[in-house]
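The values are calculated or read from the model by the stated rules, or taken from the named source; none is laboratory data. Because the structure is predicted, anything quoted here is derived from the model rather than measured. Note that we place each Cβ from the backbone using ideal geometry, even for glycine, and neighbour counts take in every protein chain shown. When the accessible area is computed, the model is the full protein with side chains, heavy atoms only, and any ligands, DNA or RNA have been set aside. Shrake-Rupley method; radii C 1.70, N 1.55, O 1.52, S 1.80 Å.
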Amino acid sequence: MTVHGDNTPLTAETLQKEILGFLTERIKTDVELDQDLFASGVVSSMFAMQLVVHLEEAYDIAIVGADLKLDNFRTVVGMSSLVLRLKGDTEAAGNA
């Protein structure tokens, strides 16, 4: 399952908009793309698990091992970079 439409290219900008939409819906407050969500108190470390599950389900990726570090979830930019990297790894593995 993906959040974006099948014809919409998966870009950093698209991901950032979708992640911002998810956050706004869940935490009921606006955040900036580069805002440290944890340091600013907008979200808790418990919410990080919800972010992991959401990203995995929405973008058909697996976030495991070293990728589970909190730094990957601090900002919307960081999350979008993680998804793009993992999607690239997945697509590269599918082409191998």
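If you go through the range 17-35 and keep only what is open to solvent by 50 Å² or more (accessible area, probe 1.4 Å) and closer than 13 Å to V77 by Cα, you end up with K17, E32, L33, D34. Residues that are in a helix (DSSP H, G or I) and closer than 12 Å to L23 by Cα within the range 36-72 comprise F47, A48, Q50, L51, H54, L55, listed in sequence order. The number of residues in the range 54-69 being without any contact (Cβ under 8 Å) to a residue 40 or more places away in the chain and under 24 Å from P9 (Cβ atoms) comes to 7. May I ask you to list the residues in the range 74-91 that are at pLDDT below 95 and open to solvent by less than 60 Å² (accessible area, probe 1.4 Å)? Listed by number, the residues that qualify are K87, G88.
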